[in-house]
Amino acid sequence: MSAMIEDVLKELDDGYAVKKLKEMIRIPSVVGDEKELAHYLRDELDSLGLETELHEVQPGRPNVYAKLQGSRPGKRMNFNGHLDTVPVVDGWDTDPFTPVVDGNRIIGLGSNDMKGGIACILNTIRAVVESGHNFPGELSFSGVVDEEAYGEGAKAMLKTGYGKVDAIVLAEPQTADELKPTALGITGKILYDIHVRGRAAHGFSPELGVNAVEQAGVILSNLGKLKIPEHPRFRGNYSTLKIEGGYKRYSVVVPAYCRFEVNRLTVPGETKESVIRAMDELIASLGLEADVDVGVKPPYYAPYAMDEDEPLVQLFKEAYTEVMGVEPVFEYKSSITDANTFAGEGGIPCIHLGPFDGGAHQKNEYTLLDSMPPVSRVYALMADRFLGG
Amino acid sequence: MIDDILRHLDDGYTVRLSEEMIAIPSVTGDEEALALYVQEKLESYGMETEFRYVADGRPNVYGVMKGSGSGKRLNYNAHTDTVPAGDDWDTDPFKAVIKDGKLYGRGACDMKTGIACSLNMFKAIADSGAEFRGELSFSGVVDQEATDIGAWAMMEEPKWRSLDGVVLTYSYCGDETKPIPLGLTGKILYNVKVKGKAAHGFRPHLGVNAVEDAASIIANLDKLQLKEHPDFGTGTVCTLKTEGGYTKYSVVVPESARFEVNRLLVPGESIQYALDDMERLVEELNLESTVEVGVKPPKYEPYTASKHEPLMRTLDEVYRAVMGRPPLYEHAYGITNANIFQGEQGIECVHIGPQRGNAHGPNEHVKLEWLPPVSEMYARIALGYLA
C-alpha cells in the first residue's frame, strides 16, 4: 500500500459523509428540479478546492462537474452520481425530505438512490484533498440531471471533456453482493414510434378506404417475427407499450391514422439503425396497403457488456475484496443506468457501487449507515490504483 | 280533392322555410331552436303539437292533423339535427344562398328541405280544407346524426308505436344517386375490452400484453362469419378506434386495451348473432388475456321491405305519376330511423326526399327543381295511403 493511500484512508471521515447525506436529503431534487442540489454540490466541491463548473443541460437543469488535476499527465477517473430522485410516492411514514435516523437506517427520499453514494464520493474526494498528496492524471466528479427520466444529463456530459475520461464509477446502490450484484453490462433500449397512415372512407364501405388501425393490428400481431440477434449474455425482447387510433368524437369513419409504440430491449451489437432496419424489414414483408413510418422516441439507451478481465473490473474486484473480505458478485442486467450512455455510447468502462439499496423508488426509502464507510474505502482504493498514485 | 290540395302547394313557401331553417343552426345536441320554429309552423296549420324533451334542451317535436273518420295513421318523419358545419365552405353554412338553381347551406339536403316540403304539404292540406280519413302527423326527432335518442324515445310512446306507416323525408330520391331502400342493413358497434397482466416492459414474459392481444383480434377480423343475403350480399366490418397502454410514459406491459368495430348486419344476422360470432372468433384465438365483447350504442337490427306493402306500393305509383319514370330501388348499406321504426317496431316505412348534394361535406346543397315534385309526392302519398 502506497503512502498516499494510507493517508487518504486515514482522512476518510464517515461522519462527514452522513452529514452531507442528511443535508442533501433536505434539498428536494425530484427529477426536473435538480438545480438547488447542483448548486449545493458546486459550493461544497468549491470549498474543497476543486475546479467546478455548472453545465446547463436544459433551462434550470444544470449538471455539476468538478475536477482535481494531478501534478502530471495520467489517466482520468470520474465518480458519477445523478442528482435527481423519483417523485414522492404515496404512503411515506415520515417526511421524505427530512432525514430520519432509526438505528442503522437513515430514511429519506434519495437516501440510497443516490444521495448516499454521492456522500461517499464527497468523502473520498475530501480525503484525497486533505491527504495533500500528488497524483498523476485527473480525479473528477459529475452530478447529472434526468437519470430517472430520459438520461439527458449523462448524454450532455458525454459531449463535454468529462465524457472523455478513462473510467467512470457510478454511485448507484449496487452492492456487488448476492442481494444486489453489480452490473458488468446492461441491455439497451429503444422505443419505436410507429405511424400508420391509411385512407379515410365511410365506415359502412371499408373497402373504399385503408384502415390504419387494422393495418397496425397486422404489424403488432406479427412482432414475433421481428429479428432480434442472439447474444451470449443477454436476451433481447419487445413489448408494445401503447396504441392509439381512430375517431376522437364518435363517427363511422375508416381510421386514416394510427400510432403505436413498442419498446425493444437491445443487446450489444445492435444499433439504433439496425433496430429500425429490422422493423422496416418486418413491415415490408407484410405487404400492407398503408404507409408506415418507423421512428424512434427518446429515451434511447445503448447496450454494453464488459468481460470480467476488463482492467477496471479487475481493479474493482481487488479493491472490493480487500475492503469487504469477499469477492464482488457480478451480473448482466436489464435495468438502465447512465452507464448505458457512458459505456454503451461513449465506450468508457464503468463500475457501479453504492450503499445499501433500501427500497429505491419506494416509500420509506432508506440506506444502512454502516454500508457507507466501506463504499468510501473501495472508492479511495480504486482512485489510488487507477490513477497510479 | 287531390287537385285542390296540389293547387294550394306553394313552392315559394318551401324555399322560404328552407332558408329560414338553414339560418337556425341545429347541429346535433342543439336542436331546440329549430324544433320551436317547426312547432310554430305546425300550430299555424291548426295542428295539435307536442314538445317532448328527450334530453336537456333537446326536444322532439310532433304535430297531428286528424281526419274526419277513422282510418290509417301516417307520419312524416324528419330529424332536426345536422352534422357540424366543418371547414372549407365557399359560403356561410348557416346562411342559405341560392346560386345557379341550387340552395346552399348546412342541412340543405340533410334534411331541412325535406322538412320544408312536408310542411308545404301540411299547409296545403289545411288551406284546401280537404277531408281525409285517419290521421296525418309530423315528427321531428333529435340526434339522428349521433345515436338516435330521438327516434328511440318516439317509439317509447304507444301512440307513435302504433302508427301504420312512416314517410322518412330523407334524400333518397329514387334515382341512381340514392335509390329507394327496399330494406336497410343493421349495425352493431362492438366494444371489445382486453385485460392482460401488467409487468415491467423489460420483462414482457412476466406479463400479458393487452395491446398485442387486442391487435391479434383486429388482425383476425376477416375470420368473422359474415352471412350472405341474396339481396344485400354480405355486411362489412370496420375497426373505428383503438386505445391501450400508458397515459404517462412508463415502460409497462399494458394490462388493458380497448377497440371498437363497426359491423353492418344483413337480414339473417341479428345483433345476438354478431355478438356470438365475435365471441367465437376470440375463443378460437386462444389468447392469454381476458376478453370482454360488449356493444355500444347505437345498434340497429337490419330489415327488408317488400314492394307489395301498401305504403311502398303507394310510393311506387306516386313516383311514376309525378316523376314520369319508375323509381330505382336497392337493398341499402346504411342506417336511418327506419331501422328503428320498421326494423325494431315493424311499422312500414318509405324514404323519399330531394336529391342530396354534398351531404355532411362543405357546400351542402339541394337542386331547387327537386322541391316541387317532392312536395307533390308527399301530398299524393298522404291522400293515396289514407284513401
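Measure nothing fancy, just the Cα-based angle from helix A:311-324's long axis to the longest principal axis of chain A, in degrees from 0 to 90, nearest 10.
60
Over region B:20-145, what is the percentage of antiparallel beta bridges among all DSSP beta bridges, to the nearest 5?
65
In region B:137-292, if the dipole is taken from +1 on Lys/Arg beta carbons and -1 on Asp/Glu beta carbons about the Cα centre, which of B:His200, B:Gly165, B:Thr147 is farthest to the positive end?
B:His200
Give me the distance in nm between label points sitting 7 Å out from Cα along the Cα-to-Cβ direction at B:Glu279 and A:Tyr250, one decimal.
Those two pseudo-labels are separated by 2.3 nm.
Tell me, what ³J(HN,Hα) does each residue in region B:45-62 have, in order and in whole Hz, if you take phi through Karplus 6.51 cos²θ - 1.76 cosθ + 1.60 with θ = phi - 60° and put x for Gly and Pro?
Whole-Hz 3J(HN,Hα) from phi for region B:45-62: 8, x, 7, 7, 10, 8, 10, 10, 6, 9, 7, 3, x, 10, x, 7, 10, 10.
Within region B:278-302, list the residues whose amide N lies under 18 Å from a label point set 7 Å along Cα→Cβ of B:Lys195.
Within reach of a label on B:Lys195: B:279, B:282-283, B:286-295.
Spelling out what I want: for every residue of region B:201-211, take phi, set θ = phi - 60°, compute 6.51 cos²θ - 1.76 cosθ + 1.60 (Karplus), and round to whole Hz; glycine and proline get x.
x, 7, 10, x, 5, 8, x, 10, 7, 5, 5
So who's got an amide H within less than 5 Å of the one on B:Val27, skipping anything under 5 residues away but keeping other chains? H placed 1.01 Å off N, in plane.
Amide H neighbours of B:Val27: B:Thr82.
What ³J(HN,Hα) values, in whole Hz, does the Karplus curve 6.51 cos²θ - 1.76 cosθ + 1.60 give for region B:160-167 when θ = phi - 60°, with x put for Gly and Pro?
The phi angles translate into 8, 5, 9, 4, 8, x, 10, 9 Hz.
DSSP beta bridges in chain B, what fraction antiparallel, as a percent rounded to 5?
70
Under 14 Å from a label point 7 Å along Cα→Cβ of A:Val89: give me every residue in region A:147-163 with its amide N that close.
none
What aspartates and glutamates does B:Lys296 reach when the alpha-carbon gap must be under 14 Å and sequence neighbours fewer than 8 apart in one chain are set aside?
B:Asp148, B:Glu260
Treating only the Cβ atoms of Lys and Arg (+1) and Asp and Glu (-1) as charged, compute the dipole magnitude of region B:1-124 about its Cα centre; round to the nearest 20 debye.
Taking the Cα centre of region B:1-124 as origin, the dipole is about 500 debye.
What angle, in degrees between 0 and 90 and rounded to the nearest 10, separates the Cα long axis of helix B:113-128 from the longest principal axis of the Cα atoms of chain B?
Approximately 30 degrees, to the nearest 10.
Mind putting a number on the dipole of region B:208-331 about its Cα centre? Charges go on the C-beta only, +1 for Lys and Arg and -1 for Asp and Glu, and I need it in Debye to the nearest 20.
Numbers: 13 positive and 21 negative charges, 128 e Å.
Computed about the Cα centre, the dipole is about 620 debye.
Sort A:Lys317, A:Lys164 so the one with the fewest other Cβ atoms within 10 Å of its own Cβ comes first.
Exposure proxy ranking, most exposed first: A:Lys164, A:Lys317.
Rounded to the nearest 500, what is the 222 nm mean residue ellipticity of chain B from helices alone, with -39500 (n - 2.57) per DSSP H run of 4+ residues and division by all residues?
-9000 deg cm²/dmol
In whole Å, how far is the Cα centre of region A:265-321 from that of region B:274-349?
When both Cα centres are located, 53 Å separates them.
Based on DSSP, what percent of beta bridges with both residues in the protein assembly as shown are antiparallel, to the nearest 5?
70
Net charge near B:Tyr319, counting Lys/Arg +1 and Asp/Glu -1 over other residues with Cβ under 10 Å of its Cβ?
My count for the surroundings of B:Tyr319 gives +1.
Straight-line reach only, C-alpha to C-alpha below 20 angstrom: list the lysines that A:Lys363 could link to, leaving out same-chain residues fewer than 8 apart.
Qualifying lysines at Cα under 20 Å: A:Lys22, A:Lys115, A:Lys180.
Using amide H atoms built in the peptide plane, which far-off residues or other-chain residues are under 5 Å from B:His351 H to H?
Under 5 Å from the amide H of B:His351 lie the amide H atoms of B:Leu168, each far enough along the sequence or on another chain.
Lys/Arg Cβ at +1, Asp/Glu Cβ at -1, dipole of region A:1-149 taken about the Cα centre: which of A:Gly108, A:Tyr65, A:Val18 is farthest positive-ward?
A:Tyr65
Give the angle, between 0 and 90 degrees and rounded to the nearest 10, that separates the Cα long axis of helix B:32-44 from the longest principal axis of the Cα atoms of chain B.
Taking the Cα atoms of chain B, the angle to B:32-44 is about 20 degrees.
Looking at this model, which pairs from B:Lys187/B:Lys248; B:Lys227/B:Lys299; A:Lys75/A:Lys155; A:Lys317/B:Lys197 are more than 28 angstrom apart at the alpha-carbon?
Working: B:Lys187/B:Lys248 35 Å; B:Lys227/B:Lys299 18 Å; A:Lys75/A:Lys155 22 Å; A:Lys317/B:Lys197 40 Å.
With Cα atoms farther than 28 Å apart: B:Lys187/B:Lys248; A:Lys317/B:Lys197.
Please work out how much length the chain gains when fully extended from A:Asp309 to A:Arg197, using 0.36 nm per residue of separation minus the C-alpha to C-alpha distance, in nm with one decimal. Present the calculation step by step, with values, prior to reporting the outcome.
On the way: separation 112, 0.36 × 112 = 40.32 nm, distance 5.00 nm.
The A:Asp309-A:Arg197 span can extend by a further 35.3 nm.
Would you work out which of A:Pro99, A:Val88, A:Ala119 lies farthest towards the positive end of the dipole of region A:58-119, given +1 charges on the beta-carbon of Lys and Arg and -1 on that of Asp and Glu, about the Cα centre?
Checked the options; the winner is A:Ala119.
Tell me which lysines have Cα within less than 21 Å of B:Lys72's Cα, excluding those fewer than 8 residues away on the same chain?
Within reach: B:Lys123, B:Lys159, B:Lys307.
Dipole of the protein assembly as shown, Cα-centred, from +1 at each Lys and Arg C-beta and -1 at each Asp and Glu C-beta, to the nearest 20 debye?
Details: 78 positive and 116 negative charges, 173 e Å.
Charge dipole of the protein assembly as shown: 840 debye, to the nearest 20.
Read the figures in this text as sums done on the coordinates, not as results from a lab. Please read all numbers here as calculations on a predicted model, not as lab measurements. Cβ sites come from the backbone with ideal geometry, for glycine too, and all protein chains shown count toward neighbours.
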